[in-house]
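First up is the structure itself, then whatever we jot down about it.
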Amino acid sequence: MSPALVLGASAGYLLALFLVAAWGDRRAADGRSVIDSAAVYALSWGVYCTAWTYFGSVGRAATGGVWFLPIYLGPMLAMLVAWVVLRKMVRIARTYRITSIADFIAGRYGKSPGLAALVTLITVVGIVPYIALQLKAVEAGYRVLTGHGGDAAGWLGDGTFYVALALAAFAIIFGTRHLDVAERHEGMVAAIAFESALKLVAFLVVGGFVTWGLFGGMADIWARAEAVPDLARLMQLGGAGFDHAQWFALTALSAVSVLLLPRQFQVMVVECVDERHIRRAAWLFPAYLLLINLFVLPIAIGGLLLLGDADPETFVLSLPLSQGAPALALLAYLGGLSAATGMLIVETVAVSTMVCNDLVMPGLLRVGRLGEGDLTRVILNVRRAAIVAVLMLGYLYFHVAGEAYALVSIGLISFAAVAQFAPALIGGIYWRGGTRAGAIAGLVAGFAVWTYTLMLPSVAKSGWIPAGFVTEGPFGIGLLAPERLFGLTGLDSLTHSLFWSLFANVGLYVGLSLAREPSAREASQALLYVDVFRRPGAEPVFWRGRARLDDLRALAGRFLGPARAEAIFDEHAAEAGVPVPDLVADARLVDRVERQIAGAVGTASARVMVASVAQEEPLSVEDVFEIVSESSQLRGYARALETATVELREANEALKSLDHLKDDFMSSVTHELRTPLTSIRALSEVMRDTPDIGPAERDEFLRIIVSETERLGRLVNQVLDLAKIESGHAEWHSTDVDLRTIILDAARAVSELFRERGARLDLALPDTVPTLRADPDRLTQVMLNLLSNAAKFVPDAGGRVEVRLRPEPDALVVEVADNGPGVPLADQATVFEKFRQGGDALTRPAGTGLGLPISRQIVDHLGGRMWLESEPGRGACFAFRLPLRPGGGQEWAQRC
């Protein structure tokens, strides 16, 4: 294939990447974030799948079969705890403006600049081989497509060198365009998500071409492989020679690395817009890994069947080329290029932030070379230089040692390096006892062992160190041989190195942490990290001392720029309710300024810079716990105040409701009083103004006046009675009551009313019932109200009311049922409200509308319950249930 075509396609792809990133930045500037999506967030995690996945996994499968799987099984298993571990990391990073894994670890252990520098050095050394891996993949792919070597004319004639420079330019433009205290890069993340989609599609297309274009499906590939003994073993899992230790080590290593690799920390933690996206991304990412590895084994076996001894790491390209599909091969190359460039861009941006914040800036501070004025441009330029430097180091390693190792082996070296962060990071967010001394000692020991047992052997195998160093040990001391240290054999080189490095790391971290209590600063940071979910928005501030407002404003302006610095103080002043000049430089303001500066230069450097303008008083461990106690009390007061506010609001609403009820009540009482008064006044005026009215008519008028007067008296008595009951001022005379006798007396009292209505009153009463402890007059009032109410609504002909009394084990139930029209469904919910009467205004019988509310109040006071059962057109049944007095149930049982 023509080199011009390959280079042109590569340039076109990089241009498309630039356009996507620019579009993402424009959307962010307009307030329409592209990356505020769980799907885009999950796709950005796909940066885990680098050229290692695209080319190296196929090479690994061609030589080891299923041994490419642990690198992806580990991250899938890690996602099971993503909501617990990753969400905590995101919450900590967002709360304390953490922008790199070095800041994260250093911030936990007292914001130690030395620890931050150590983590950064380990990262740079450990990640350089990984950068070399990507460059090697790009160069190898170009060689396969064009048939030309990449370094025939030296570095200046090496296309890989210019690819590295182009990626450096991209990372500079979209990773260091401006200084963001949140260190979020919308355009870059959008481009990475685009790359993840492209490499997945390209790999699936190639896999489909091999599986169904070159073979008759997966079953055909498996069948052909089974016929070749060397290929049949590639599809076997387990067996006598299966290395379980290595399988476990690879799975565990990749599970840890998916959280600790700088690029993964960048996209998973720093670039997380909403931590709720983690829940969905935690299953989308494993699905992505499953899809991108679906055709790894078919491509590997297909390549071995068709191409024989060709380099298996290039099967993705050589298979389409060999079968006359150059366009597909070019698509596959662009997919591999996207896998490599995605990693290089994010990794260099993340590492450059660490180099700037934790190596260069502290050095410039110590030598006093920062000068005065706005430093944002200086910080950005340092990061840009770091991007170029890191990429050039990777390019150098690619030429020094890259040819001696397969892609997978190079990647595993980097994985083992970042695994050294696991004890300090994971232990730091869950164990308060971890100390800075333990973290530093563990990292130094682990990194030293990693260098000795894994990094140096890789250099030795490249010819830069005598081979005897690996085979015989330094100075011929076999016990110190780096790949069988202290005589430990039977493990592959990676598992061997991982065992010894983590053994030293964890041992020193735990041992030194237990040997010495954490300092006050370490204890304070431990509380903030471990308990980050327990203090939402109200974390304590572990700072005491003196500071001047003008000094803090000047410091913030130097590192954040004047506009952003003023915005910080304006916001703080608004929260305090005072003008900016009247602000007090208290602990809260100092902490706020430090956090904002931390987003620009890292937590450790921010602490140093704030200390240069403020006089901090050293805290003791007792002071730390005192501050925590005060903060807890303040949170308690805040919660109590919030509760009191809610209760006050509810009480106010209740008062409004009561006021509304009072207005309704007064309106109803006024209406009910006005009705008989109007009738009495009208009839009286008629008799006064008509002296010659006839005797019969006069008698009728007088009868109506007397009736309305009696109604008025009943209304007044009932209103007064109801008011007394509701206010608790009613008099109650409780005694032993025979409810059967009460019902009989009430029935006799209303017998004349039923006779006038032509209705029948039936009683269904047992011979004896247990006595109640109640007020007999009040119970009589209830029965009279229910009976008179029933008599009003029975039909004019054939009216019937039945009173039923039935005992229960612990209560008595009375039912008053009539055969009237019943209560409409719409009125049943309000029938017990004051002045509510059933029926319409034209057919409704006379009444006050207070009988049922009074009856219900009386029953409620006696510990009972009253209710209505009615079907429209089939009568109504008002019932109430009264509990027996203590021992009444047993007395009734004995009498029966």
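The values are calculated or read from the model by the stated rules, or taken from the named source; none is laboratory data. In this text the structure is predicted, and so the values were computed from the model without any measurement. As a convention, Cβ positions derive from the backbone with ideal geometry for all residues, glycine included, and neighbour counts pool all protein chains shown. Calculation scope for accessible area: heavy atoms of the full protein, side chains included, ligands and nucleic acids excluded. Shrake-Rupley method; radii C 1.70, N 1.55, O 1.52, S 1.80 Å.
What's the magnitude of the charge dipole for the stretch 469-608 around its Cα centre, counting Lys and Arg as +1 and Asp and Glu as -1 at the beta-carbon? Answer in Debye, nearest 20.
220
A 1.4 Å probe run over the stretch 78-129, with the rest of the protein chains in place, finds 23 Å² accessible per residue.
Once backbone amide H atoms are built at 1.01 Å from N, L812 has L882, L884 as its partners under 5 Å, excluding neighbours fewer than 5 places away on the same chain.
Each label was represented as a point 7 Å from its Cα along the Cα-to-Cβ direction; for L77 and L294 these points are 2.5 nm apart.
Across the stretch 7-13, rounded Karplus estimates of 3J(HN,Hα) from the backbone phi angles (6.51 cos²θ - 1.76 cosθ + 1.60, θ = phi - 60°) give 5, x, 5, 5, 5, x, 5 Hz, Gly and Pro being marked x.
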